[in-house]
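The values are calculated or read from the model by the stated rules, or taken from the named source; none is laboratory data. As the structure is a prediction and not an experimental result, all values here were calculated from the model. Glycine gets a Cβ as well: all are built from the backbone with ideal geometry, and neighbour counts include every protein chain shown.
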Amino acid sequence: MTLPTNPSGAASEVNVNLTVNGQSVSVPAGTTIHRACERAGIDTPTLCWAENLTPVNVCRVCVVEVEGNRTLVPSCARAVEEGMVVNTDSERVRHSRRMVLEFLASGVDLDQAEGLRRWLDEYEADPGRYDQDGLPARTVYEEPKVQDNLYIRDYSRCVLCYKCVEACGDDAQHTYAIAVSGRGFDARISTEFDVTLPDSACVYCGNCIGVCPTGAIQFKTEFDLRQASDWRPDEQTVTQTVCSYCGVGCNLELHVQDERIVKVTSPADHSVTHGHLCIKGRFGWQYVQPVDAPTRQRRP
Amino acid sequence: MFGAGGGTSSYQEIEEADVVLLWGSNAREAHPIYFHHVLKGLDQGATMYAVDPRRSSSAKFADVWLGLNLGTDVALANGVGREIIAAGLQNQAFIDHATAGFEAYRDHVEPFTLDYVEQVTGVPAAAIAEMAHAYATADKAQILWTLGITEHHNGVDNVKSLCNLSLLTGHVGRWGSGLVPLRGQNNVQGGGDMGALPNKLPGFQDLTNPDHRAKFEAVYGTPLNPEPGLHLTLMFEAMEQGTIRGAYCIGENPADSEADSAHARKLLSGLDILVVQDIFLTRTAELADVVLPSSVGWAECDGTVTSSERRVQRVRAAVPPPGECRHDHEIIGELARRLGVDWGDPTPEELWDELRSLSPMHAGMSYQRLADEGGLQWPCPEMDHPGSPFLHGWLWEDDLGGRPPAPFSLTDHAGPKEELSAEFPLRLTTGRALDSYNTGVQSGGYDNPIRYGDALDLNPDDAAALGIVDGETVRVSSPRGAVEMAIRVQPDIPAGLAFTTFHFPELVDINTITNDEWDRESGTAEFKAAAIRVEKLRHG
């Protein structure tokens, strides 16, 4: 008997040939330049890109030069084309990346943006040259918003990469509790009418935290430990396991410090979660903490 | 279904389905990350029909919400089947090739006309017809369900009536189409797969089959009792009759979770001996003669669990168990030693490898592969087998893989056992809320801003008729008992229906009023339908 549809998995494997930094690369049609660079062993800085989100092209830190194109192109979103000649390391690309990184670092606090700090060094960015009267030219400063026991929002660290908005919206959660409000220097990630998070549509899945590259949205557990100068990532273990709630089988990464769970993430490349969790998987582990932790239940 | 106890389709397939029937499931709250996969499908243009008495948070994402009267699922499914046949939209080639009993089914559903079904279910005929046509004509379509289908006195008939629709249309056994019962616990699939069923050995091998038994007896070194045991509901009946005098309860809290729980507690208390092995001193443990404290299966102990898409995955110890808590397998091994059998001290991996040697569908799943490949979906019989995204591909093979054709089932409409009356005029149903889980022994341990506690959702018209305002504490009674609880006035719940969760038994002991009528085939109680009365509290 003939099947009405063929089993999936047999995606068309038409390959496209291009040159990256003089090196020939062959990748399946539809691959982005960013991914092709990765295949060729070329590291590309990214900020608003994540493998579990749709590119929004706002940060411009991944730009590359494509021969025949007037402007630099965002490698995270642009698909490869046959015969394309890409340069990722020209003076023009390096200059552009350096400027973007300097502007970002001069405007917001990137102390906790560990991934980004590496690129600041790599591109010899000097955000200090925008200092005024010896003070950083911080365009965004406000006190961290601490409105519940699960999240904090510290917009002094926000680079407006939109990742949290995408994770809350179309790319995963479909809750749409946050969006960008305001223009220019006043642009902020905000709830509707800037109500507190508990009063907003937020369902506390923590998927915004999962994708935030700078610590602008953070687990309260991490925030508290950082405030107490007791956040010690080098001493933490990360153990992959499966959530105990419902039968979906979400993979959890338990970050443990001093035999206590301090945060929970999920691998972005896993077929079940794509890095996203619900409130139970993200926060429902209090009962595993040592018994001095606040807990309703008595452990025998 | 068709000889294997598991959902037919993998999560990725729902992203590619064209039509989704979400039937008796609030996956948005009960299975949130599975619902992400559903949402991907909807974003890509799939059409979703939500069948649920409540306009649930899942139903709000549907193209059409079919708000049927509670407990009329068989009538609706038979009506859909009849409409598909009446419109000539059945997949006759598939029916002829892979199924048996079509003519009897066709005759059986003939009385389920759109008018009749509208009258029984309360769903407009046009919506029933639209869903029937969309499902039948879709290239790829799936039916998803959870406890809204199974927690009825006729839950098995509900499931069979949905399976009929897949046989009628060929929406099973191929990529993108299927029947998906979403599993409620992280290892309820694995528990059944491992033989935690009264009549099954691991890998769904049959306890009553001497050849199957012999294989296990050779490895276990002891003869096995060929008599099937009892499922949980029958165990409680046996306690009542006095034929069960002792129980050993591992990781279950029946004193809170059983329907008519006051009755269940009385039976548990009357046992000669009750042993409870758990991570908490649950209400059941409080009744026990001996409590064996155990480690947390997913964070303090190594092992495997199996998900709703039959994916076996590794769990790993991240923190040490507290105090005197020990791993479940060590407790059981120690108990065996006291009973005179020394099983040694096998590691979880050694136990798993023994299972692989006995259960062909798990044979290809080494710990290394489970770690490297992000889990594997059974059946996975060989080390070079990639695992099985969907089941029942044999339905499309020329010789049906040597199996008999899949039979249609004949099911009849039978509403909830407990009928509404002047004394108990409202219908109570229960379910889950996003932030909480079952009897709350795990989820009760964390606070969060979206928790609203246990409240009874009531339609504004019903509340007004009773003179009750939002937040008011009322008395809720059924023929079995009464509780006091707050009212949440909710426009999304139809008049005549009341809804609450069961996550806070220490606040509201809701299962003292739910109905313990149960399905004779599955043993599952009718949690979803009790008759209740709501009254204002008398003051002064």
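Brief remarks follow.
- Taken together, B:Asp492, B:Asp435 contain a single residue that is in contact with a Lys or Arg (Cβ under 6 Å, 6 or more places away or on another chain), crowded, with 20+ Cβ neighbours inside 10 Å and assigned to a loop (DSSP other than H, G, I, E, B), which is B:Asp435.
- Residues located in the stretch A:141-190, provided they are buried (at least 17 other Cβ atoms within 10 Å of the Cβ), within 14 Å of chain B (Cβ to nearest Cβ) and of a type in the set (Phe, Trp, Tyr): A:Tyr151
- Hits in the stretch B:495-540 (condition: in a strand (DSSP E or B) and either more than 26 Å from B:Met235 (Cβ to Cβ) or not small (Gly, Ala, Ser) (or both)): B:Leu497, B:Ala498, B:Phe499, B:Thr500, B:Thr501, B:Trp518, B:Ala531, B:Ile532, B:Arg533, B:Val534, B:Glu535, B:Lys536
- Positions within the stretch A:133-154 being closer than 20 Å to A:Lys263 by Cβ and out of contact with any Ser or Thr (no Cβ under 6 Å at 6 or more places or on another chain), in sequence order: A:Pro144, A:Lys145, A:Val146, A:Asp148, A:Asn149, A:Leu150, A:Tyr151, A:Ile152, A:Arg153, A:Asp154
- Of the candidates A:Thr54, A:Thr46, the single residue that is within 14 Å of chain B (Cβ to nearest Cβ) and over 30 Å from B:Gly170 (Cα atoms) is A:Thr54.
- Tally of residues being surrounded by fewer than 16 Cβ atoms within 10 Å (Cβ to Cβ) and under 23 Å from B:Pro405 (Cα atoms) across the stretch B:86-109: 8
- Selection count where residues are among the aromatic types (Phe, Trp, Tyr) and either in contact with a Cys (Cβ under 6 Å, 6 or more places away or on another chain) or assigned to a loop (DSSP other than H, G, I, E, B) (or both), scope the stretch B:386-409: 2
- Any hit, the stretch B:194-205, residues being away from chain A (no Cβ under 14 Å), surrounded by fewer than 18 Cβ atoms within 10 Å (Cβ to Cβ) and closer than 23 Å to A:Val248 by Cβ: yes
- Filter result for A:Glu222 (among the acidic types (Asp, Glu) and in a strand (DSSP E or B)): no
- Within the stretch B:338-352, being in a helix (DSSP H, G or I) and surrounded by 14 or more Cβ atoms within 10 Å (Cβ to Cβ) holds for B:Pro348, B:Glu349, B:Leu351, B:Trp352.
- Looking only at residues in the stretch A:273-284 that are out of contact with any Ser or Thr (no Cβ under 7 Å at 6 or more places or on another chain) and either touching a residue at least 60 places away in the same chain (Cβ under 8 Å) or within 7 Å of chain B (Cβ to nearest Cβ) (or both), the one that is nearest to B:His37 (Cα to Cα) is A:His274.
- Here B:Leu335 does not qualify as assigned by TED's automatic domain parsing to the domain that holds B:Thr222, in a helix (DSSP H, G or I) and not polar (S, T, N, Q).
- Selected residue [modelled with pLDDT under 95 and of a type in the set (Gly, Ala, Ser)] from A:Ala216, A:Ala167, A:Ala172, A:Ala125: A:Ala125
- Unmet criterion (only one of (1) at pLDDT below 95; (2) buried (at least 21 other Cβ atoms within 10 Å of the Cβ)) for B:Leu179: (1)
- The residue of the stretch A:251-261 that is farthest from B:Tyr34 (Cα to Cα), among those that are in contact with a strand residue (DSSP E or B) (Cβ under 7 Å, 6 or more places away or on another chain) and in contact (Cβ under 8 Å) with a residue 24 or more places away in the chain, is A:Ile261.
- Some residue of the stretch A:8-25 being more than 20 Å from the chain's Cα centre (by Cα), within 14 Å of chain B (Cβ to nearest Cβ) and of a type outside the set (A, V, I, L, M, F, W, C): yes
- Wholly within the stretch B:253-318, strands (runs of 3 or more DSSP E) carrying at least 3 residues that are more than 7 Å from every other protein chain (Cβ to nearest Cβ): B:273-278, B:303-306
- Answer residue from the stretch B:130-168, given it is surrounded by fewer than 24 Cβ atoms within 10 Å (Cβ to Cβ) and of a type in the set (Ser, Thr, Tyr) and is nearest to B:Asp52 (Cα to Cα) among those: B:Thr150
- Qualifying residue in the stretch A:80-93 (condition: without any contact (Cβ under 8 Å) to a residue 12 or more places away in the chain, more than 17 Å from the chain's Cα centre (by Cα) and assigned to a helix (DSSP H, G or I)): yes
- Entry remark, the stretch B:125-164: residues being within 21 Å of B:Phe102 (Cβ to Cβ) and either of a type outside the set (A, V, I, L, M, F, W, C) or in a loop (DSSP other than H, G, I, E, B) (or both) number 9 in total.
- Pair list, Cβ under 6 Å, 6 or more apart: the stretch A:145-159 residue touching a residue at least 40 places away in the same chain (Cβ under 8 Å), other residue of a type in the set (Ser, Thr, Tyr): A:Gln147/A:Thr196; A:Leu150/A:Tyr204; A:Ser156/A:Tyr141; A:Arg157/A:Thr214; A:Val159/A:Thr214
- Residue match in the stretch B:170-180 (condition: among the polar types (S, T, N, Q), under 30 Å from B:Leu89 (Cβ atoms) and assigned to a helix (DSSP H, G or I)): no
- Residues that are within 17 Å of A:Trp119 (Cα to Cα) and of a type outside the set (Asp, Glu) were ranked within the stretch A:73-94; the one that is surrounded by the most Cβ atoms within 10 Å (Cβ to Cβ) is A:Ser75.
- Matching residues in the stretch A:47-72 - criterion: being of a type in the set (Val, Ile, Thr), crowded, with 19+ Cβ neighbours inside 10 Å and in contact with a helix residue (DSSP H, G or I) (Cβ under 7 Å, 6 or more places away or on another chain): A:Val61, A:Val63, A:Val64
- Subset of the stretch B:55-71 (residues that are within 16 Å of B:Ala495 (Cβ to Cβ) and either among the hydroxyl-bearing types (Ser, Thr, Tyr) or over 18 Å from the mean Cα position of the chain (by Cα) (or both)): B:Arg55, B:Trp65, B:Gly67, B:Leu68, B:Asn69
- Any chance B:Pro210 is out of contact with any strand residue (DSSP E or B) (no Cβ under 9 Å at 6 or more places or on another chain), over 29 Å from B:Glu506 (Cα atoms) and modelled with pLDDT under 95: no
- Residue within the stretch B:362-369 that is touching a Gly at 6+ places or on another chain (Cβ under 7 Å), touching a residue at least 40 places away in the same chain (Cβ under 8 Å), assigned to a helix (DSSP H, G or I) and away from every other protein chain (no Cβ under 14 Å) present: yes
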